[in-house]
Amino acid sequence: MNLTELNRIATAMVASGKGILAADESSGTIKKRFDTIGVESNESNRRDYREMLFRSNEAMNQYISGVILYDETIWQDAKDGTPLVKVIEQSGAIPGIKVDEGTQALPMCPGELVAVGLDKLAERLKKYYERGARFAKWRAVIDIGSGIPSMTAISVNAHVLARYAALCQAAQIVPIVEPEVLMDGDHDIDRCYDVTSRVLNKTFQELCVQRVALEGMVLKPNMAISGKKCAKQASVEEVAEKTLRLLKACVPAAVPGIAFLSGGQSDEEATAHLNAMHKLGPLPWGLTFSYGRALQAAPQKAWSGKAENVAAGQRAFSHRAQMNGLASKGEWHNSLEKKAA
């Protein structure tokens, strides 16, 4: 393992003013997104849509540091025959790959899940590295509800994340470690804070046990935030303050960077929360975004599967990428959204 090179890539992934595009939706997830815009989810449409994003020169050159791909996408070529991995590299961004294979029920823990895919991961990582991937992502899902999460679910998912991260580093690939505490419930921000604290502490304990070099990884956590169904929604300022307090307590300074997931927040909410955190700096690590929906909802709608709408889709993507790029330096203001509109 060349830790100097892993650290170089991890640091580039969280460079100031840039963030990571999560374009790793499974076939099932992207079908749901395409259904809302009336587009058939077939291989060529998925390829055309993602190629539109990767060829958005302004967004990719200036605001995107890396792209997380789905297994189908990493092997696809653009319409002109260029591998999509090369299109990403030519823009100056780093190609990455989602390697977990989804979730299954956790035995003896009703309503709780564990991510699967460690079997043969070492062999898959070699092939992904040869194809051009320089980082990977594994998502563990922790739900908040009545009596959950259990310590069992937290421990099992932290252990699996750490084993994945060790396999990545052995393959000279930077692991994005993503323990996501979902915001789907009716819990308040303090319950989210408490659960996320337990999840992060256990995850870093397991990373240490598995001998993962913290200098060669990126953390992709949720923010401390109210559940979607909670009657009292925390303010932007409270989300920023509690999220930073949580991260400073749980994330060692050796980690080069933290790239938040958007987790069901609206486009502007995700941007505003990130921006507010940068107003509270200085911070011990790079702090940026790794958004999927919060970067893609607008371009998907603008594109709607029509070749004549590619430019409009790219403009919408560039706008959201720019807004988040500014937020990752604390320079965003909601008047910029109104100006664009």
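The values are calculated or read from the model by the stated rules, or taken from the named source; none is laboratory data. Nothing here was measured: the structure is a model prediction, and the numbers come from that model. Here Cβ is always computed from backbone atoms with ideal geometry, including for glycine, and neighbour counts include all displayed protein chains. Keep in mind that these areas ignore ligands, DNA and RNA; they rest on the heavy atoms of the full protein, side chains included. Shrake-Rupley method; radii C 1.70, N 1.55, O 1.52, S 1.80 Å.
Rounded to a whole number, what % of the accessible area of region 210-327 do carbon and sulfur atoms account for, probe 1.4 Å?
52
Got the relative contact order for the chain handy, in percent, Cα pairs under 8 Å and 6 or more residues apart?
Result for the chain is 20 percent.
Can you give me the Cα centroid spacing of region 178-225 and region 15-30 in angstrom?
Taking the Cα centre of region 15-30 as reference, the centre of region 178-225 is 19 Å away.
Compute the Cα gyration tensor for region 245-341, then decide on rounded, prolate or oblate, letting a ≥ b ≥ c be the square roots of its eigenvalues: rounded whenever a/c is under 1.5, prolate when a/b is larger than b/c in the other cases, and oblate in all that remain.
Note, shape of region 245-341 comes out prolate.
Do any of Lys229/Lys338; Lys86/Lys126; Lys18/Lys279 go past 22 Å between their Cα atoms, and which?
Among Lys229/Lys338; Lys86/Lys126; Lys18/Lys279, the Cα-Cα distance tops 22 Å for Lys229/Lys338.
Report, in whole Å, the centroid distance computed from the Cα atoms of region 129-177 and region 292-341.
29
Net charge within 9 Å of Gly325 by Cβ-Cβ distance, Lys/Arg positive one each and Asp/Glu negative one each, not counting Gly325 itself?
Taking every other residue near Gly325 into account, the sum is +1.
May I ask you to give the solvent-accessible area per residue for the chain, in square angstrom, as obtained with a 1.4 angstrom probe?
Dividing the accessible area of the chain by its residue count gives 41 Å².
Quick one: order His159, His333 from most to least accessible surface, probe 1.4 Å.
The ranking, largest first, comes out as His333, His159.
Excluding ligands and nucleic acids, what accessible area in Å² is computed for Leu287 using a 1.4 Å probe, to the nearest 10?
10
Give the relative contact order (percent, whole number) for region 211-297; include only Cα pairs under 8 Å separated by 6+ residues.
Relative contact order of region 211-297: 36 percent.
What is the sum of charges, Lys and Arg at +1 and Asp and Glu at -1, for the other residues whose Cβ falls under 11 Å from the Cβ of Ala259?
Cβ neighbours under 11 Å give a net charge of +2.
Would you work out the charge dipole size for region 89-225 about its Cα centre, treating the Cβ of every Lys and Arg as +1 and the Cβ of every Asp and Glu as -1, and quote it to the nearest 20 debye?
660
From largest accessible area down, sort Ser146, Ser304; use a 1.4 Å probe on the protein chains.
From most accessible down to least: Ser146, Ser304.
Using +1 at the C-beta of Lys and Arg and -1 at the C-beta of Asp and Glu, which of Asn275, Val156, Tyr193 has the Cα lying farthest in the positive direction of the dipole of the chain?
Result: Asn275, furthest along the dipole toward the positive end.
Kirkwood Rh over alpha-carbon pairs of the chain, then Stokes-Einstein at 10 °C and 1.306 mPa s: what D in µm² s⁻¹, rounded to an integer?
Estimated diffusion coefficient is 79 µm²/s.
Would you compute, from DSSP H runs of 4+ residues alone, the mean residue ellipticity of the chain at 222 nm, taking -39500 (n - 2.57) per run and dividing by the full residue count, rounded to the nearest 500?
-15000 deg cm²/dmol
Work out which trypsin sites (Lys or Arg not before Pro) in the chain are exposed loop sites (DSSP not H, G, I, E or B, at most 14 other Cβ within 10 Å) and give the longest gap free of them.
121-210
If I compute solvent accessible area with a 1.4 Å probe over the protein chains, what percent of it on region 1-109 is carbon and sulfur?
47
With charges set only on the Cβ (+1 for Lys and Arg, -1 for Asp and Glu), what does the dipole of the chain come to about its Cα centre, in debye to the nearest 20?
420
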